[in-house]
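S.K.: Structure provided below as structure tokens; questions to follow.
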Amino acid sequence: MLPSLMLFFKCYIPLLTFHTVLLNASLTRDTHEITVLTSTRMVCANIGGFFVWTLIPIFLSIAAGEKIPWEFVFFQFVGSIPGILFMPLVPYVKKLIGKKNMFYVFGLIAIIGNAMIYIVSKSGVQSGDNTWMRVANFVKSTGFTIITGYMWALVPEVISYAEYTTGRRIAGIVNALTGMFFKAGNALGGAIPGFVLQIIDYVAGKEESSTLNKDPKAWFTVLLIYNIVGLVLLIICFIASKERVVMEDKETENVRVSDLWKEFIRNGPLRVIALYFITAFTCMTTQNSSNSYLFGMSSQKASTQEGIRWLASLIPIFFNFLMIIIIYFYSLTDEKIDEINREIEKRNQKDDEVLA
């Protein structure tokens, strides 16, 4: 898969997600409202992902005047369905089984999906044009989309915890740290495929054709259109938005760069989601970078093919297990957060009475 598509996806979706998390944290403390906002936002983000992963190959082929790779397009389409179809159900699932159990259950579903990809690939399937491979991709995406989508709802909880312990709602500090976490995960996830491919003696054969069109003019045209449309939509949304989030002076005064690391050291839940974000984005980037190798390894020797299977499925399984272990140590239950928010509201009410 060409690096340009990966770069576009990694820039577009995390940036969209990051600034809307900041809005979530500023607009409400209510855990149910945060869940609904996060689910709605992630549906929109996944629709954006659909326009990238599923439609860009079509537009590239049209721009280059070549045949559309429908097998690859349909495989990508199947993987994008869960993020649009199931994310609206997250508030109901969370209410039914609980927050942590949701991470456990869908983490296991992602593991099952990756295991299916390994088994199907091991049976000789080396193309996305296979029913069982599509089913495996759907199962994997169902689990991974939920756990990586809902993890953003934990950020406002950590911000409330910081406000409870320090008296300041330092949303900017926590979100700045969160941004560093997913960038670190992207960096690690981008390095792992190259490292593994070097170990397993992967040889890039000239006869192997890429699934995506390589015409630079087609890429420039499509990405230019995407960026212009995205900029126009961003301007429209900014103008149409009536919400203006303004921090009070007491919340922003004396905020220093060193406060980033002080908050990281004293905030236990923040350290947990830091490790979770790094692991999740490492897994995500590794998976996204590996599919093209999985579907183009027919000319490689047997040991190299097995290494590619590990890269595309078993290594992500390891990260999925690690994510389940990490979230086990997250201490902020909904009951605890509700208690914290009530205490914060009492403090604010007392401050308002004093000022009055």
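S.K.: Before we move on, is I109 modelled with pLDDT of 85 or more, over 14 Å from Y150 (Cα atoms) and β-branched (V, I, T)? Give the steps one after another, and end with the answer.
M.R.: Values: modelled with pLDDT of 85 or more: yes; over 14 Å from Y150 (Cα atoms): yes; β-branched (V, I, T): yes.
Answer is yes for this residue.
S.K.: Select from region 47-94 the residues that are among the aromatic types (F, W, Y) and either in a helix (DSSP H, G or I) or surrounded by 22 or more Cβ atoms within 10 Å (Cβ to Cβ) (or both) and list them in ascending order. Reasoning before the result, please.
M.R.: We begin by selecting, within region 47-94, every residue among the aromatic types (F, W, Y); these are 50-51, 53, 59, 70, 72, 74-75, 77, 86, 92.
F50, F51, W53, F59, W70, F72, F74, F75, F77, Y92 - these are the residues of region 47-94 that are among the aromatic types (F, W, Y) and either in a helix (DSSP H, G or I) or surrounded by 22 or more Cβ atoms within 10 Å (Cβ to Cβ) (or both).
S.K.: If you don't mind, another one. Conditions first: (1) in contact (Cβ under 8 Å) with a residue 40 or more places away in the chain; (2) out of contact with any Lys or Arg (no Cβ under 8 Å at 6 or more places or on another chain); (3) of a type in the set (V, I, T); (4) over 19 Å from M42 (Cβ atoms). I117 passes all but one, so which condition is the exception?
M.R.: Just one mismatch for I117, condition (2).
S.K.: Restricting attention to region 311-340, which residues are surrounded by fewer than 17 Cβ atoms within 10 Å (Cβ to Cβ) and assigned to a helix (DSSP H, G or I)?
M.R.: Start the filter on region 311-340 by keeping residues that are surrounded by fewer than 17 Cβ atoms within 10 Å (Cβ to Cβ), which leaves 314, 318, 321, 325, 328-329, 331, 333-336, 338-339.
Scanning region 311-340 gives L314, F318, F321, I325, Y328, D334, E335, K336, D338, E339.
S.K.: Taking G167 as the residue in question, decide whether it is on the phi > 0 side of the Ramachandran plot and in contact with a Lys or Arg (Cβ under 9 Å, 6 or more places away or on another chain). Step through it out loud before you land on a result.
M.R.: Values: on the phi > 0 side of the Ramachandran plot: yes; in contact with a Lys or Arg (Cβ under 9 Å, 6 or more places away or on another chain): yes.
So G167 fits the description; yes.
S.K.: Continuing with the same structure: Could you tell me whether any residue of region 265-276 is modelled with pLDDT of 85 or more, crowded, with 19+ Cβ neighbours inside 10 Å and of a type in the set (S, T, Y)?
M.R.: yes
S.K.: Please state which one of A176, A191, A218, A153 is more than 21 Å from the chain's Cα centre (by Cα) and either at pLDDT below 80 or assigned to a helix (DSSP H, G or I) (or both). Before the answer, list the steps.
M.R.: Working: A176 fails: more than 21 Å from the chain's Cα centre (by Cα); A191 fails: more than 21 Å from the chain's Cα centre (by Cα); A153 fails: more than 21 Å from the chain's Cα centre (by Cα).
Every option except A218 fails the conditions.
S.K.: If you check V43 against the conditions, is it at negative phi, part of a helix (DSSP H, G or I) and at pLDDT 80 or above?
M.R.: Numbers: at negative phi: yes; part of a helix (DSSP H, G or I): yes; at pLDDT 80 or above: yes.
Taking the combined requirement at face value, the residue satisfies it.
S.K.: Is it the case that some residue within region 133-141 is within 30 Å of Q305 (Cβ to Cβ) and either outside any helix (DSSP H, G or I) or of a type in the set (K, R) (or both)?
M.R.: At the first step, the residues of region 133-141 found to be within 30 Å of Q305 (Cβ to Cβ) are 133-141.
Those left that are additionally either outside any helix (DSSP H, G or I) or of a type in the set (K, R) (or both): 134, 140.
So far as region 133-141 goes, yes, one or more of its residues are within 30 Å of Q305 (Cβ to Cβ) and either outside any helix (DSSP H, G or I) or of a type in the set (K, R) (or both).
The values are calculated or read from the model by the stated rules, or taken from the named source; none is laboratory data. Predicted model, so just to flag it, every value in this text is computed and none were measured. Every residue, glycine among them, receives a Cβ derived from its backbone with ideal geometry; neighbour counts consider all protein chains shown.
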